[in-house]
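Report on the structure given below.
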Amino acid sequence: MAVKIKTLSGYFHEYQKSIVNPEQFWQQQAEDFFWRKKCDCVLDWDFEEPRIEWFKGGKLNITENIFERQLFTRKNQAAIIWEPNNPEDDGVTLTYTQLFEKVKQFANVLLQNNIKKGDRVALYMPMIPELVIAMLACARIGAIHSIVFAGFSSNALADRIIDAQAKLVIASDGAFRGKKSIPIKSVVDEALKKCDSVEKVIVKKRTGEAIQMKEGRDFWWDEICEGVSTENEAEVMDAEDPLFILYTSGSTDKPKGVVHTTGGYMVYTSYTFRNVFQYSEGDVYFCSADIGWVTGHSYIVYGPLLSGATSLMFEGIPTWPDAGRFWDIVEKHKVNQFYTAPTAIRALMAEGNQFVENKVLKSLKVLGTVGEPINEEAWHWYHDHVGKNRCPIVDTWWQTETGGILISPMAGITPTKPSYATLPLPGIQPIIVDPEGNELKGNSVEGNLCIKFPWPGMTRTLYGDHKRFRQTYFSTYNGYYFTGDGVKRDEDGYYRILGRVDDVINVSGHRMGTAEVENAINEHPRVVESAVVGYPHDIKGQGIFAFAVCNDVDESTSLEGIIQSIKIGVNNIIGPIARPDKILIVSDLPKTRSGKIMRRILRKIASGDYSNFGDTSTLLDPGVVEEIIEKSKL
Ligand code: WT7
């Protein structure tokens, strides 16, 4: 039987076991699940190749483990509580039985529409129950879902559909976001002009706005489901069959299709969910993430539902109708565990305490954060004003690639420290290395964060590009998984994540590759070249600062006009999340004699720090730096 850790000594005991004999440890965690066939080998791996296989030879279906395995005890228990964008509208609660019926029916719809095991299905949808139904229906038949966050542009969507060669797109007509309604189907239409692989589109009606339906290609969700049987036998999957692809930004231009497989991901997300959040029978758990990101995959859908939890999903935004919306939801549904991003906490903190003070939040037991480093001020505000000084905060560090949480307190068990992710979970072996890859042992050290041993939830490859997988994660430091994060281990052995050390910036908890934004900026007809860096931003954690060199610029040029049109361009090419906060038009970029842009200098200028640029002896033209400094001060 899988263990739920209850005490600090229990944690140390389990951790020790997981290090001494990882195979035995994870086999034990896997025993609670329903395997059509038990595995022949718990772990087979080689970080050099790299190759990672968990529960090899095991056969299962993840939805059978959510539904069939748990139905005897959870029939009428709420699986999903859906809170709509508008608080005046009715929500929806789906019990495990009701959700199961809908998943089986939609699984049959997929089969009838020629979707088979291994096919890719792209989901571009708002936070509505049909998103969960569609993803689980894919998993039910062994199709690989690729969810694209509905804030991405048609170009970004098209890139992802093409890379995955998706056969089907599932969408809605539009989406409600606060007082706005945003188009969804028309974005899909635009994207599909470039995608030959897509045969059909299924559209769930949400906003009722006018859209075009292409005869023979587009079908309404409600019509295509009509009369379809709810009898469905789950497809038997290999433990290492892919469950989903999720695209994420890296330091080079193209987003990467992170692949997660079935067995290990199942065991890992549920294990970490139960232990980190200390979920108890009957609790209501609310994660405010969007399912379009990995947090939603692992900790709205798979982790909670595999653990028999009641998971609340919210369609709207934290600041509408006012900045008290999260707390209204907590009060209304008596939420016990609440999980959000530091950027949301900072945004709500800036609105003032009046929105949280008069709310009844006594149901809360645990608060969580994820996505970016949380500054001490935000940590304390969350702790004092939301948690009323009595709820432990779990600062959970992980990544799209890790599948689940790796370093985090266990709520109420691990003593916390503001801004510290604290200690590794059982099964996780973090190490800190210096730039040459030497392990820095002991406490009070700082360096780059690597993981030296596999865990079941980790990504296995990048879709269609195993070479890039090796290159990105396993080649920087030989034999280790490199996270891309800087970290400090303090005198107590506690981990504090310091942020990315590569060309990735973290904007409001979302990862953006600087090269990706630069490519979008460079599409502008006036732009010759550009360089993008992050800078400290009060609410977003990091903001996007772009330096652009443009042609035909003289005194009479309206720089403001160019800046606005660059922003619109980035918006159209990637989406609003990539729009630069600041753009400075300069006549040249600081480069080394070999032509490499010195980003270190640009990062300093972007953060308003003009002192000590370090070694500038390789700079081709120091005058360039002077000019940029002058312009940035204006
Ligand atoms: C990057 C991963 C994990 C789901 C959401 C983001 C940063 C994540 C923390 C944290 C400090 C954090 C890291 C990481 N990050 N959690 N608790 N403290 N930094 O997933 O988009 O794959 O981004 O987010 O820099 O590498 P992602």
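The values are calculated or read from the model by the stated rules, or taken from the named source; none is laboratory data. Values in this document were obtained by computation on a predicted structure and should not be read as measured data. Glycine also receives a Cβ, built like all others from the backbone with ideal geometry; neighbour counts cover every protein chain displayed.
What about TYR285, is it of a type in the set (Ser, Thr, Tyr) and away from the ligand (no atom under 16 Å from the Cβ)?
So TYR285 fits the description; yes.
Is one or more of the residues making up the range 12-28 among the hydroxyl-bearing types (Ser, Thr, Tyr), part of a helix (DSSP H, G or I) and over 21 Å from LEU306 (Cα atoms)?
Yes.
Which fully enclosed strands (runs of 3 or more DSSP E) of the range 49-110 have 3 or more residues being surrounded by 20 or more Cβ atoms within 10 Å (Cβ to Cβ) and at pLDDT 95 or above?
Passing ranges, in order: 51-56, 78-83.
Are there any pairs with C-beta distances below 6 angstrom linking a residue in the range 579-603 that is more than 16 Å from VAL549 (Cα to Cα) to a residue that is hydroxyl-bearing (Ser, Thr, Tyr) and in a loop (DSSP other than H, G, I, E, B), with the two at least 6 apart or on different chains, and if so which?
Cβ pairs passing all conditions: THR592/THR618.
Which is assigned by TED's automatic domain parsing to the domain that holds ILE115, within 22 Å of THR295 (Cα to Cα) and basic (Lys, Arg), of ARG160, ARG206?
Checking each option against the conditions leaves just ARG160.
Which residue, of VAL360, VAL370, VAL386, VAL366, is surrounded by 22 or more Cβ atoms within 10 Å (Cβ to Cβ) and either away from the ligand (no atom under 16 Å from the Cβ) or modelled with pLDDT under 95 (or both)?
VAL386
Looking at the range 218-241, which of its residues are farther than 17 Å from ALA107 by Cβ and either of a type outside the set (Gly, Ala, Ser) or in contact with a His (Cβ under 6 Å, 6 or more places away or on another chain) (or both)?
Across the range 218-241, the qualifying residues are ASP218, TRP220, GLU223, ASP238, GLU240.
Please go through (1) touching a Leu at 6+ places or on another chain (Cβ under 7 Å); (2) within 16 Å of the ligand (Cβ to nearest atom) for ALA239 and return the number of the only condition it doesn't satisfy.
(2)
Which one is farthest from ALA347 (Cα to Cα), of the residues in the range 407-419 that are more than 9 Å from the ligand (Cβ to nearest atom) and buried (at least 24 other Cβ atoms within 10 Å of the Cβ)?
MET410
Being modelled with pLDDT under 95 and within 16 Å of the ligand (Cβ to nearest atom) narrows it down to one of VAL553, VAL533, VAL501, so name that one.
Among VAL553, VAL533, VAL501, only VAL501 is modelled with pLDDT under 95 and within 16 Å of the ligand (Cβ to nearest atom).
In the range 288-312, how many residues are within 14 Å of the ligand (Cβ to nearest atom), within 21 Å of LYS4 (Cα to Cα) and touching a strand residue (DSSP E or B) at 6+ places or on another chain (Cβ under 6 Å)?
2
Does ASP485 fit the bill of being modelled with pLDDT of 95 or more, away from the ligand (no atom under 14 Å from the Cβ) and under 20 Å from PRO255 (Cβ atoms)? Write out each step before concluding.
On the way: modelled with pLDDT of 95 or more: yes; away from the ligand (no atom under 14 Å from the Cβ): no; under 20 Å from PRO255 (Cβ atoms): yes.
Taking the combined requirement at face value, the residue does not satisfy it.
So which pairs qualify, if the first residue must be in the range 496-507 and assigned to a loop (DSSP other than H, G, I, E, B), the second must be of a type in the set (Val, Ile, Thr) and more than 8 Å from the ligand (Cβ to nearest atom), the Cβ gap must be under 7 Å, and the two must be at least 6 apart or on different chains?
ASP503/THR514
Given the criterion under 30 Å from SER444 (Cα atoms) and away from the ligand (no atom under 12 Å from the Cβ), identify the matching residue among GLU315, GLU401, GLU377.
GLU377
In the range 48-94, how many residues are farther than 29 Å from PRO456 by Cα and among the polar types (S, T, N, Q)?
4
Mind checking whether some residue in the range 330-346 is in contact with a Leu (Cβ under 7 Å, 6 or more places away or on another chain), under 19 Å from GLY178 (Cβ atoms) and either more than 16 Å from the ligand (Cβ to nearest atom) or outside the structural domain of ASP283 (by TED's automatic domain parsing) (or both)?
So far as the range 330-346 goes, yes, one or more of its residues are in contact with a Leu (Cβ under 7 Å, 6 or more places away or on another chain), under 19 Å from GLY178 (Cβ atoms) and either more than 16 Å from the ligand (Cβ to nearest atom) or outside the structural domain of ASP283 (by TED's automatic domain parsing) (or both).
Among all residue pairs at least 6 apart or on different chains, which show Cβ distances below 6 Å where the first residue, located in the range 347-371, is of a type in the set (Asp, Glu) and the second is within 16 Å of the ligand (Cβ to nearest atom) and assigned to a helix (DSSP H, G or I)?
Between residues of the range 347-371 that are of a type in the set (Asp, Glu) and residues that are within 16 Å of the ligand (Cβ to nearest atom) and assigned to a helix (DSSP H, G or I), there is no close pair.
Taking the conditions exactly as written (outside any loop (DSSP other than H, G, I, E, B) and among the aliphatic types (A, V, I, L, M)), does ILE432 satisfy them or not?
So ILE432 passes the test.
I'd like to verify a number: residues in the range 420-444 that are away from the ligand (no atom under 16 Å from the Cβ), on the phi > 0 side of the Ramachandran plot and at pLDDT 95 or above, how many?
Qualifying residue count, the range 420-444: 3.
Tell me which residues, restricted to the range 111-128, are surrounded by 24 or more Cβ atoms within 10 Å (Cβ to Cβ), assigned to a loop (DSSP other than H, G, I, E, B) and of a type outside the set (A, V, I, L, M).
The answer is PRO126, and nothing else.
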